[in-house]
Amino acid sequence: MLWRKGLTLSCLLAMLVLSGGCKEEQVSVGAKAPALAAYDLTGQQVDLTRWQGKRVYLNFWSSGCGGCLAEMATLETLNKRYGDNVVVVAVNTDPDGVDISPLLEQQKISYPVIRDQLGITKERYQVIGTPTSFIIDGDGKVMAQHQGARDEQQLTVLFEQLAGGGGR
């Protein structure tokens, strides 16, 4: 009986030690941005290195989020204006069964949209609601994080700052 208690205690201790190694790292300003576990609309896996050298406005959104939809037109305009320096990358968090193509066509979205149907990227970035945005520098480090929608003026000022004041 005593050996069972010892075995149980040993197993619990081992689980405690091993679970510490599985803890998710906090997404923090200045740290390397977590890897994306998402695919573009053609089914190709997407990696942040695709935009290396540019600042990335990584925007988590869902089709049922009013604030997300309100930002889309402004983000499209800003991506066209500042796309040489700052690229908008939209991470859609809707489940796999949701067809977002009609919405993207209606909104005339040309910036990259990636799907995170399994929620892995959302989990890595610790996103608890949409919209949530991250600014990632050209070296792949997190510069800033913001939860909630931004209006046109706020987004325009932000993109002007990120692009160094110059647009196309």
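The values are calculated or read from the model by the stated rules, or taken from the named source; none is laboratory data. Source: prediction; values computed, not measured. Positions of Cβ are backbone-derived with ideal geometry, glycine not excepted, and every protein chain shown enters the neighbour counts.
The residues of the stretch 43-71 that are within 14 Å of Gly129 (Cα to Cα) and of a type in the set (Ser, Thr, Tyr), listed by number, are Ser62, Ser63. Going residue by residue through the stretch 109-126, is there one that turns out to be closer than 13 Å to Leu41 by Cα and among the charged types (D, E, K, R)? Yes, the conditions are met somewhere in the stretch 109-126.
Residue-wise test of (1) of a type in the set (A, V, I, L, M, F, W, C); (2) at pLDDT below 95.
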| residue | (1), (2) |
| --- | --- |
| Tyr125 | no, no |
| Ile128 | yes, no |
| Ser133 | no, no |
| Gly140 | no, no |
| Ala149 | yes, no |
| Phe159 | yes, no |
| Gly166 | no, yes |
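The number of residues in the stretch 96-139 that are buried (at least 16 other Cβ atoms within 10 Å of the Cβ), part of a loop (DSSP other than H, G, I, E, B) and touching a helix residue (DSSP H, G or I) at 6+ places or on another chain (Cβ under 9 Å) comes to 7. Scanning the stretch 39-87 for residues that are part of a loop (DSSP other than H, G, I, E, B), of a type outside the set (Val, Ile, Thr) and over 20 Å from Gln145 (Cα atoms) yields Leu41, Gly43, Gln44, Ser63, Gly64, Asp84.
Picking from residues in the stretch 82-103 that are touching a Phe, Trp or Tyr at 6+ places or on another chain (Cβ under 9 Å) and small (Gly, Ala, Ser), the one that is nearest to Ala163 (Cα to Cα) is Gly83.
The single condition among (1) in a helix (DSSP H, G or I); (2) in contact with a strand residue (DSSP E or B) (Cβ under 9 Å, 6 or more places away or on another chain) that Ala90 does not satisfy is (1). Being crowded, with 19+ Cβ neighbours inside 10 Å, of a type outside the set (Phe, Trp, Tyr), free of Cβ contacts under 8 Å to residues at least 60 places away in the same chain and under 20 Å from Ala37 (Cβ atoms) is the requirement here; does Val91 meet it? Judged against the criteria, Val91 is a match.
Counting only residues that are part of a helix (DSSP H, G or I), touching a helix residue (DSSP H, G or I) at 6+ places or on another chain (Cβ under 8 Å) and either buried (at least 16 other Cβ atoms within 10 Å of the Cβ) or without any contact (Cβ under 8 Å) to a residue 12 or more places away in the chain (or both), the stretch 140-159 holds 3 of them. Using the structure shown, decide if Leu36 is assigned to a loop (DSSP other than H, G, I, E, B), under 14 Å from the mean Cα position of the chain (by Cα), under 24 Å from Asp116 (Cα atoms) and at pLDDT 95 or above. Yes.
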